[in-house]
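The values are calculated or read from the model by the stated rules, or taken from the named source; none is laboratory data. It should be emphasised that the depicted structure is a prediction, and the values quoted were computed from it without experimental measurement. Don't worry about glycine lacking a Cβ; one is built from the backbone with ideal geometry, like all the others, and counts go over all protein chains shown. These accessible areas exclude ligands, DNA and RNA; they are computed on the full protein's heavy atoms, side chains included. Shrake-Rupley method; radii C 1.70, N 1.55, O 1.52, S 1.80 Å.
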Amino acid sequence: MTSSTTNTSSITKTSSITKMNPDPKFLIGVEAPADRQEPALWFAFRGRDILLKVKKNPTAVPKLQDFGELGLSAVREQYMGTLEGLHCYSVELEEGVEAPEGMEFLDLRQAHAKLSERCFSLVNKAVQVMEWDRVNQFCSRCGTGTLPMAGERGKKCPNCGELFYPRISPAVIVLIKKGKEILLARSPNFPPALYGLVAGFVEPGESAESAVVREIREEVGIEVRNITYFGTQAWPFPNSLMIGFTAEYESGEIRPDGVEIEDAGWFPAEKLPVLPGKISISRKLIDYFLQEEGLDK
């Protein structure tokens, strides 16, 4: 992707009220309690597959006083914080480990389709904490083993002093309106018949609004105006913060780039194709448009 100059006069300066609802009941923490005397939630991962129950409350995260009760060994664990007073841990498991009886490992995209929005938001936190811990065992500058920092989610190299914090990759996603139609696009990586919104990562030194203009121009070949902030959503594919916007069509003909986008077109609210899952910000943007049109999908 290459950066381009943005016409800032086309950007709406006043942000819209966010339509995304944060969960205030989860409190982030980095230092685990000294004694585990009550059950905790254990978000355990084999690679990027999450361990969930199959029987007795299917797709639930294990709730145990000690993770060893499952008969599995943790490679590493990280404390995440509390959900309504319940301690939460993220656990990395060995590759190839089998799920205990009554449980299964689910790919994150499968889990995304089955879990509630609230539960998936915690899975999202857990997998990113787990992966940050896994890939920062050694200093990328000098190769020395890193040490955890007290009181914050960070690691420090005892040799050269380099610091390592979890990294988030900002990406933009935009709903483009043209009268009573919206632009929906299809990636070659999507499931059959599924269409979504134009999205892409923010380049270094680029504003989110500039990224909106550039990504739309690169992927579908049109220009937009009245770019308005909608809301954000953490997204673990792989470690993104999705920044949602709405925009209005200004000019140009749709020309899919053939790489990121294989097909795109204008769709009226009454004739939408297969859409992304309900808890994704892509779907929330589309549902917001439908509500404005007095419809619901």
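Here region 155-297 has 51 percent of its accessible surface on carbon and sulfur atoms, given a 1.4 Å probe and all protein chains in place.
Within region 139-208, the trypsin sites (Lys or Arg not before Pro) that combine a DSSP coil assignment with at most 15 other C-beta atoms in a 10 angstrom radius are R141, R167, K180.
Normalising the average separation of contacting C-alpha pairs (under 8 angstrom, six or more residues apart) by the number of residues puts the relative contact order of region 137-230 at 17 percent.
Tell me, what is the per residue accessible area of the chain in Å², probe radius 1.4 Å?
Here the per-residue accessible area is 52 Å².
Here the simple spin-label model places points 7 Å from the Cα toward Cβ, and for T144 and V54 these points are separated by 4.8 nm.
Less than 5 angstrom separates the built amide H of T232 from those of M20, G244, all sequence-distant by 5 or more or on a different chain.
Let me have the relative contact order for the chain, percent, based on Cα pairs under 8 Å that are six or more residues apart.
Numbers: 563 pairs, mean separation 53.5, N = 297.
Relative contact order comes out at 18 percent.
Give, in nm to one decimal, the length gained when the segment between F237 and R118 is fully stretched (0.36 nm per residue of separation minus the Cα-Cα distance). Roughly 41.1 nm would be gained on extension. Converting phi to 3J(HN,Hα) with the Karplus coefficients 6.51, -1.76 and 1.60 and the offset θ = phi - 60°, region 229-237 yields 5, 10, x, 10, 8, 5, 9, x, 10 Hz in sequence order, with x at every glycine or proline. For the chain, the mean residue ellipticity at 222 nm estimated from helices alone is -5500 deg cm²/dmol, where every DSSP H run of n ≥ 4 contributes -39500 (n - 2.57) and the total is divided by all residues, rounded to the nearest 500. Here the contact order of region 202-261, divided by its residue count and restricted to Cα pairs under 8 Å and six or more residues apart, works out to 36 percent.
Loop-located GluC sites (Glu not before Pro) in region 69-129 (DSSP state other than H, G, I, E, B) with a sparse environment of at most 16 neighbouring Cβ atoms within 10 Å: E84, E94, E95, E98, E101. What you get for the chain, charging only the Cβ of Lys and Arg (+1) and of Asp and Glu (-1), is a dipole of about 400 debye around the Cα centre. Taking trypsin sites (Lys or Arg not before Pro) across region 81-119, none is in a DSSP loop with at most 14 further Cβ atoms lying within 10 angstrom of its Cβ. The smallest convex shape that holds all Cα atoms of the chain, its convex hull, gives 170 Å³ per residue.
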